[in-house]
Amino acid sequence: MIFCEKCGNLMIAEKKKGKMKYICRKCGHTSRGKKVVSTSISEKVEEKEEKIPVISEKDVLEEFPKTKIICPKCENNEAYWFMQQTRSGDEPPTRFYCCSKCEHKWREY
Ligand SMILES: [Zn+2]
Ligand SMILES: [Zn+2]
């Protein structure tokens, strides 16, 4: 529960464009809640039925799920994974891995 910074009254949550907003019913003070979706990737993913993360240049790897897989380069046993659409759009997206240690990227065959 969130209380108003100004009057201490209980604030009500309202969801707008995927973001939570809190409004005080007493004084009308609004406060932005914790972001429900943090990046544009999550918004894109929401539209699809499957929850598959898709990476782009600006995305932060830390937001992707990790899996236990051996890095072919440094033999670290953990990597982030994500799906990426190949340039020809009619092929299914390929799963890529990115080593959590050396950031080596490779694709699943
Ligand atoms: Zn208030
Ligand atoms: Zn590695």
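Looking only at region 92-103, count how many residues are surrounded by 13 or more Cβ atoms within 10 Å (Cβ to Cβ) and more than 19 Å from Val60 (Cβ to Cβ). Total satisfying the criteria: 2.
Condition check ((1) surrounded by fewer than 14 Cβ atoms within 10 Å (Cβ to Cβ); (2) touching a His at 6+ places or on another chain (Cβ under 6 Å); (3) at positive phi) across all residues:
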position	(1), (2), (3)
Pro65	yes, no, no
Lys68	yes, no, no
Lys73	yes, yes, no
Glu78	no, no, no
Met83	no, no, no
Asp90	yes, no, no
Lys105	no, no, no
Tyr109	yes, no, no
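Can you pull out the residues in region 31-43 that are outside any loop (DSSP other than H, G, I, E, B), surrounded by 14 or more Cβ atoms within 10 Å (Cβ to Cβ) and modelled with pLDDT under 65? Result: Ile41, Ser42. Take region 1-11 and flag every residue that is surrounded by 12 or more Cβ atoms within 10 Å (Cβ to Cβ) and more than 8 Å from ligand 1 (Cβ to nearest atom). Passing the criteria: Ile2, Phe3, Leu10. Within region 16-30, the residues that satisfy the criterion of being on the phi < 0 side of the Ramachandran plot and at pLDDT below 85 are Lys16, Lys19, Met20.
The values are calculated or read from the model by the stated rules, or taken from the named source; none is laboratory data. Fair warning: this is a prediction, and the values are worked out from it, not measured in the lab. So basically every Cβ, Gly included, is an ideal-geometry build from the backbone, and we count neighbours across all protein chains shown.
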